[in-house]
Structure formats: structure tokens, C-alpha cells
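J.: Just passing along the structure, written as C-alpha cells.
Computed from the coordinates by the stated procedures, all read-outs in this text should not be read as laboratory data. From a predicted model like this one, the values you see are computed outputs, not experimental measurements. Using ideal geometry, Cβ is built from the backbone for each residue, glycine included, and neighbour counts are taken over all protein chains shown.
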Amino acid sequence: MKKPSFMIRAQAALETFRYGFPGDSKRLPFQWPAWRQLQPQWHLIDLQSYVDEGFAMNSLVYSAIMYKVRAMIPAPLRAYTGDPGYPEALSPAHPLSKLVNRPNDHQSWTEFHNQNIVYLNLDGNVYIYKDRKHKEMHSFRPDRMYVIPNKKKKRAELKGFIYVPEGGSIYDGIPFLPKDIIHIKLPNPGDPLEGMGYGLSPLSPAARTVDVDNMVTSFINVFFESGTMMTGVLSYDVPLRESVVTTIKERWKEKHGGYENWDIGVLDRGGKYNRLGLTFEEMGFAEIDSRNECRILGPFGIPPILIGSRVGLERSTYSNYGEARKACWEDTLVPEIRLFEVEYQHHLTGRNAFVKFDLSQVPALQKDLPVQISAAYTLWQMGVPADQALTATGLRIGKVPNGELPYGGAPPPGLGRGQEQGPRTDAEDDSWGQRALAGGNGRDLLTEKI
């Protein structure tokens, strides 16, 4: 078949740009191959092996994930109304407040969100079922949920999901529509469904390093349990019969076998001991441990000092523990929370009601209030309207109408010049600083606090 000329391809591209794709203005440019259509997609990982060999066996994996779990407890999801910039908490009796406080009968919000954090960091996917009838939310095990692409010649989207109970086959699965499932996932650049499939587990790039760390731990465990590894050879200057060799080995093992019996050995009749095995220092266990810690904790985004790992304590001190905790919140935990938040805000909506994570009680994110007040006060002195000064410095005192000051009274010298007056020049007297902002009598709330 002859390849279309450049002009023909350019014209087709221009028409697509102007009028969209033929037949359906919302149709996406990609389609699934026939062998994927309406077929459950295979999972990228074996979640159970990640649970058994990672979360349940490796202390670094467990510590990194559980640090996230514990750290996020002071940041619950809450229901609000009003202006998103200055939200007002909904009554506890409001249905949305009840839902986020108790997602289902057997879980509080803390338990529910903790479970989802573990799922996301082990599997890279979270599936939450919205039970509209009972007004509940339930989180499914990711390895029991399967993504189903739609048929050919339709808009590129998902047909739905299938939940397969434990011990059942795909034919025993329970189907769900996409609108009934909140699918939260981490980025997967190799997703064949163009971002509609499975997310990539952060444990995947660290899996081999986790195996190495587990094998090192097993080696040390076996070494101290038996102490019979080939670390040396007993040699004699005379030939020995097999029965004599057996007797020497049994006596040596009986006398010095196991780390409890390690002692000074004594050999007679010209016997010599030659060391064969390497010491722990020669095997570089310290370097291996440091390498494993960095490569395992890196994908989770947790600074080593926060979980008390060796490399973290060697290269940091408790004096900068607070900075590490703040950096972890800003670089890892807040973005992970936002990943949940945007999906919750899309799926959990009401009449003038929305949900949002409350970060106000997170110790690592608390700002220095005196510094904020001082900064807002300085901006106000420079002529910035009070409401803008409050917003710029992150102070949440409330709305200040149109730059006016909340309370009556003349402002202190140098405060608030009206924007129409323009900047002060050296030739001007300082009387403008005594005028009230916006033609009012006003005193800033910040001034009163100071």
C-alpha cells in the first residue's frame, strides 16, 4: 500500500484539529487490540508475594509503609461547605460528614484510610466501592479486582471491573461499573490501556533489593543458628583414616559448634587450623546494608532517619530530624494525600458540599504564627490590602471585605495607603499614612492581636 503523501497527512491532521475525530467528537485516538477487548487484564505483580516477602518479612518495607500510615492519622478527610478557600465544616449529622467519619459499619475513617495506604504502597492500586444503597464505602483487595476494557469501535474507556472472591475463578466474579469504583493508582508508563489500567507498585523497582536484604538476613540467621558453615579446615601432617576424621569432626563440633560454644581451639599431633571463610567485615555487610536501605526506602520517599535505619543515623542526627520530617510531608505525604483527595472530590459530592483532607493538626506542617503575623503586618504597612496580606502569608483569620480593616479606629502610622494614591515619594509628607484605608475607619485585626 502506498504511503499517504505529506500533504494528505497534514490535511487530515488539520481536519481532526478543527472538527475532532470522525463519528464521535469525544472519541479518543487509541483503541484496544482485539485480544484485550472484554478480557480481564493480568495483574502486574503477585500481591501476596509482596505481602509475604516484603511487608511481613522485611523490616525496612514494613517500617516505610507504616511510617506513612501513622503519620497520616492526624490528617482526616472532612466534609465542608462554602468557599473552598475558606471552607466551613459541615454538621456531623450531614450525610457526607457521616460517610467520611464512618465509611462502613466495621471500619472507622482511620482504619479505612490506613488500609488504603498499605494497598497503594504495596500494589500501586486502590479500589473503593461506593455502595449507593447503604451509603457506605468498601475497599477491595487489589489482587482480586480486574480491569475490563471495552469493545472495538467504541470510545476508548473501561467496560468495568470484576471482583473475584478468594478461591473463585474469573467466571465467579462480580461485575462493577466504572462509576461505582474509585480507582486510585500510581503512574505506570507501561500501561497498555493508556492510563486506564493498573498502577505500578513502588515496591516493584525495589523488589530485587528486598530479596537481597532478605537473603542477607537469612544467611546471618543460619550462621548463628548452626555455626557449621565451611569457615576453616583442620589439617594434619599425617594421613588419617576415615574413622579418625569422623571422630575429630564430631569432637570439634561438639566442643566448638554453635556460637554459644565458640572458644579457643587446641590441636595436637601437628594439627593446624586454616581459615577459609570471610569475616562479616570482609564480606562488606555494612556496605550491603547501607545500599539496601537506600534502594528500598528511595521508592517509598521516606528519609532513612525517620525509621531509624543505619544509614540514616550515620549520616544524620536528631537535630535535623524535624527538617527530615517536614521534607517527607512536603515531598511525599502531601502529594500522596492529594492523590486520594482529587478522586474523593470527584466521586463524593453533594449540594454545595465537598470533602478535603484536614492538614491543620499535622505537627510537621505547622507554621510559625508570629512570623506570619509579622509578615502580614509588614505587607499592610507597604499598602497591600489586609485581605491580600492575610492570604499571601497564609493566615486564616477570615475574610476582610475589599481590603477594609475589620474593626474601627485609626490605623497606626504608615498603614494602608489607598491604591489610587500611588506610591509615596520622598517629597510627600507622611500624613497619608494616617489616613484610613478604603475611605474607612479601620483597625487591622492583626494589629489588635499584636
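J.: Order 205-215, 30-40, 241-251 from most to least packed using the mean count of other Cβ atoms within 10 Å.
T.: 205-215, 30-40, 241-251
J.: Whose amide H sits under 5 Å from the amide H of GLU136, counting only residues 5 or more places off or on another chain, with H placed in the peptide plane?
T.: Amide H to amide H, under 5 Å and 5 or more residues apart or across chains, GLU136 pairs with ASP131.
J.: Let me ask something additional. Given the pairs LYS130/LYS151; LYS133/LYS367; LYS68/LYS151; LYS68/LYS130; LYS133/LYS159; LYS133/LYS185, which span a C-alpha to C-alpha distance of over 32 angstrom in this model?
T.: Going by Cα-Cα distance, LYS133/LYS367; LYS68/LYS151 fall outside the 32 Å limit.
J.: Still on this structure: Quick one: if the Förster radius is 22 Å, what FRET efficiency do ASP368 and ILE73 give, using the C-beta to C-beta distance and rounding to 0.05?
T.: 0.40
J.: Under the classification rounded if a/c is under 1.5, otherwise prolate if a/b is larger than b/c and oblate if not, where does region 56-108 fall, given a ≥ b ≥ c as square roots of the Cα gyration tensor eigenvalues?
T.: Oblate is the answer for region 56-108, as a/c is 1.5 or above yet b/c matches or exceeds a/b.
J.: Let me ask you something else. Taking the Cβ of TRP109 as the center, what net charge do the other residues with Cβ under 14 Å away carry, scoring Lys and Arg +1 and Asp and Glu -1?
T.: -1
J.: Once label points are set 7 Å from the Cα along Cα→Cβ at both THR246 and GLN361, what is their separation, rounded to one decimal in nm?
T.: 7.2
J.: Then there is this: What net charge is computed for the residues neighbouring ASP131, neighbours being all others with C-beta under 14 Å from the C-beta of ASP131, Lys and Arg scored +1, Asp and Glu -1?
T.: Value of the local net charge: +4.
J.: While we're on this one: Expressed in nm to one decimal, what extension gain is obtained for the pair GLU287 and GLU136 from 0.36 nm per residue of sequence separation less their Cα-Cα distance?
T.: That pair, GLU287 and GLU136, stretches by 49.4 nm at full extension.
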